[in-house]
1. Averaged per residue, what accessible surface does the range 82-217 expose to a 1.4 Å probe, in Å²?
2. When you count, for each residue, the other Cβ atoms within 10 Å and take the mean per peptide, how do 96-107, 71-82 rank with the highest first?
3. For the chain, which whole percent of the accessible surface, found with a 1.4 angstrom probe, sits on carbon and sulfur atoms?
4. Expressed as a fraction of 2.2 N^0.38 Å, the rule-of-thumb size for a compact globular protein of N residues, what is the C-alpha radius of gyration of the range 44-86?
5. With only Lys, Arg, Asp and Glu charged, each at its Cβ (+1 for the first two, -1 for the last two), find how big the charge dipole of the range 1-152 is about the Cα centre; round to the nearest 20 debye.
6. If you take percent of Cα pairs over 30 Å apart from the coordinates, which of [x] 35; [y] 29; [z] 20 do you get?
7. Which one, Thr60, Val160, Phe14, projects farthest toward the positive side of the charge dipole computed for the chain from Cβ point charges (K/R +1, D/E -1)?
Amino acid sequence: MTRTYSAMEGYGQFCPIAQAAEVLTERWTPLVIRELALTGSKRFNDIQRGVPLMSSSLLTKRLRQLEEAGLVERRARLDGKGTEYHLTPAGEALGPVVAQMGVWCERWLRRPIFEETPDTGLLMWWMRGTVKSDALPDGRTVIHFHFTAGPKKLRYFWLVLPEADLCLRDPGFGVDVTVKSDAKTLTAVWMGDVDMRAAVTSGAIELEGLPKIVRSFPKWFGLHPLFATVDHPASRPRIATPS
């Protein structure tokens, strides 16, 4: 079955790059694909948490366009409560393409973390999936993240593992370890711009809690799986300290 896509005016070229761009280069579309392909989000609300500045109506429109293009399909949830969005084989094949876009940007284009103001909610939403729960004690572990600046409602997060449940209020299970830092430093460590052990030694990241978990912080605090280890050319060295 031939799919059509008419959301934007075409380039009028037979070139596959031009035709792919007609589908993929509209605002927000690559990020929606990122959420589906690289973070595993399937529910509408989960996808939107990965693109918090995108309106619900526009996200609905983009998902519908991706359905029309044959990249996404809706399926009934197993619990019978609503639907989920799943990539088709064509959509799944875009995962490595989107990932490689990020690798290219990390190597050649990305602005240093310390020139940005990271969104703590978005950072925590992404980080929840990279904490290595198998490096933590068996059973439930609660990690309290305390950001020292930013909007008050987005300074405190509780991550419950191994479920990777992210809470804005204390879930009441007791805290095993508290990670205190400013958003820029924690983001820079997660992205590989700042050495983790150096940040802890300098006090830029403060750890308090069960000694065993505090000592194993470098093992369980997972870095970004794609970008933290990307080699930079000599002309664009990673930023080692805040400027």
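The values are calculated or read from the model by the stated rules, or taken from the named source; none is laboratory data. Everything numeric in this text was worked out from a predicted model, so none of it was measured. Positions of Cβ are backbone-derived with ideal geometry, glycine not excepted, and every protein chain shown enters the neighbour counts. Note: areas computed on protein heavy atoms with side chains; ligands, DNA, RNA excluded. Shrake-Rupley method; radii C 1.70, N 1.55, O 1.52, S 1.80 Å.
1. Result: 53 Å² per residue.
2. The peptides rank, most packed first, as 96-107, 71-82.
3. Exposed carbon and sulfur together represent 54 percent of the surface.
4. Rounded to two decimals, the normalised Rg is 1.18.
5. 360
6. [x]
7. Positive-end residue among those listed: Val160.
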